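**Student:** Got a structure for you, written out below as structure tokens; questions coming shortly.
The values are calculated or read from the model by the stated rules, or taken from the named source; none is laboratory data. Everything numeric here is computed off the predicted structure, so don't read it as measured data. When we count neighbours, we look across all protein chains shown, and the Cβ atoms used for this are built from the backbone with ideal geometry, even at glycine.
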Amino acid sequence: MNLIIRGIALLAGLLFGAGMLVSGMADPKKVLSFLDVTRNWDPSLAFVMGSALAIAFPVFAWARRRQRTLVTDLPIALPAGSPITPQLVGGAALFGIGWGLSGLCPGPVLVVASGGSLGAIVFVAAMALGMMLSAWLAPRLFAAKPIERGSISA
């Protein structure tokens with residue numbers, strides 16, 4: 001069973017990587033031209049994202065009704081909702097800034113780095129260092145405090 005799960009994970013990863021390449025999501029210039037609506041805006045990635053949502057919504061709705069997975073017969077455990085915390089807002093802001101500056105986010109940059117791009121490899125190393133620093137620093141700075149609905153102050 002473990003081999004089946006690993007095989008499914010490998011196929012999903014390969015499909016994801018191929019999708020990033022074919023859609024242009026792994027091309028920083030294309031992503032930056034999508035994000036920059038003030039110049040030569042390229043809306044084509046909106047169709048990629050819209051297609052992903054059109055597939056994901058019904059699949060997740062179907063998965064919520066099921067108790068077990070099709071292939072491995074393991075219980076389905078979908079994530080529960082979580083509160084909006086200052087850490088979540090800060091992380092989202094850092095993600096957006098990084099995406100806007102580089103044109104890459106974590107999934108596509110792994111695809112690009114696997115092709116040997118030095119810039120992408122440096123990006124992945126910096127991302128890994130940032131995750132390790134965050135894991136070490138966050139518990140020392142603050143405990144997670146939910147933001148009250150309707151308020152953006154912590």
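**Student:** Determine, yes or no, whether Ala54 is aliphatic (A, V, I, L, M) and either surrounded by fewer than 17 Cβ atoms within 10 Å (Cβ to Cβ) or farther than 15 Å from Ala120 by Cβ (or both).
**Tutor:** Yes: the conditions hold for Ala54.
**Student:** Yes or no: Ala46 without any contact (Cβ under 8 Å) to a residue 24 or more places away in the chain and of a type in the set (Gly, Ala, Ser)?
**Tutor:** So Ala46 passes the test.
**Student:** Please name all residue pairs, on different chains or six or more residues apart, with Cβ atoms under 8 Å, provided the first residue is in the range 66-84 and is within 19 Å of Ile5 (Cα to Cα) and the second residue is of a type in the set (Phe, Trp, Tyr).
**Tutor:** Final answer for the pair search is Leu78/Phe60.
**Student:** Taking the stated definitions as given, is Arg6 over 22 Å from Met131 (Cα atoms), of a type in the set (Lys, Arg), surrounded by 10 or more Cβ atoms within 10 Å (Cβ to Cβ) and more than 14 Å from the chain's Cα centre (by Cα)?
**Tutor:** yes
**Student:** I would also like to ask the following. Just to be sure I understand the filter: pairs with C-beta atoms under 6 Å, separated by 6 or more residues or on different chains, first member in the range 117-142 and in a helix (DSSP H, G or I), second member among the small types (Gly, Ala, Ser) and surrounded by 11 or more Cβ atoms within 10 Å (Cβ to Cβ). Which pairs pass?
**Tutor:** Short answer, once both residue conditions are applied: Ala120/Ala113; Ile121/Ala113; Val124/Ala113.
**Student:** For the range 12-42, give me each residue that is touching a residue at least 12 places away in the same chain (Cβ under 8 Å), part of a loop (DSSP other than H, G, I, E, B) and hydrophobic (A, V, I, L, M, F, W, C).
**Tutor:** Matches in the range 12-42: Met25, Ala26.
**Student:** Regarding Thr85, is this residue surrounded by 10 or more Cβ atoms within 10 Å (Cβ to Cβ) and in contact with a strand residue (DSSP E or B) (Cβ under 9 Å, 6 or more places away or on another chain)?
**Tutor:** Judged against the criteria, Thr85 is not a match.
**Student:** Let me ask another. Return the residues of the range 17-30 that are surrounded by fewer than 17 Cβ atoms within 10 Å (Cβ to Cβ) and within 14 Å of Ser51 (Cβ to Cβ); say none if nothing qualifies.
**Tutor:** Within the range 17-30, just Val22 meets the criteria.
**Student:** Right, another one. Within the range 65-79, track down each residue that is more than 21 Å from the chain's Cα centre (by Cα), of a type outside the set (A, V, I, L, M, F, W, C) and at pLDDT below 80.
**Tutor:** If the condition is that a residue be more than 21 Å from the chain's Cα centre (by Cα), of a type outside the set (A, V, I, L, M, F, W, C) and at pLDDT below 80, then Thr72 is the only one that fits.
**Student:** Still on this structure, I have one more. Let me confirm something: among Val48, Val71, which residue is in contact with a helix residue (DSSP H, G or I) (Cβ under 8 Å, 6 or more places away or on another chain), more than 23 Å from Pro108 (Cα to Cα) and hydrophobic (A, V, I, L, M, F, W, C)?
**Tutor:** Being in contact with a helix residue (DSSP H, G or I) (Cβ under 8 Å, 6 or more places away or on another chain), more than 23 Å from Pro108 (Cα to Cα) and hydrophobic (A, V, I, L, M, F, W, C) holds for just one of Val48, Val71, which is Val71.
**Student:** Now a separate question. Before we move on, is Val112 out of contact with any helix residue (DSSP H, G or I) (no Cβ under 6 Å at 6 or more places or on another chain) and either touching a residue at least 12 places away in the same chain (Cβ under 8 Å) or not basic (Lys, Arg) (or both)?
**Tutor:** The answer is no for Val112.
**Student:** Now for a separate question. Return a yes/no flag: does the range 80-103 have any residue that is modelled with pLDDT of 85 or more, under 19 Å from Gly24 (Cβ atoms), outside any helix (DSSP H, G or I) and not aromatic (Phe, Trp, Tyr).
**Tutor:** yes
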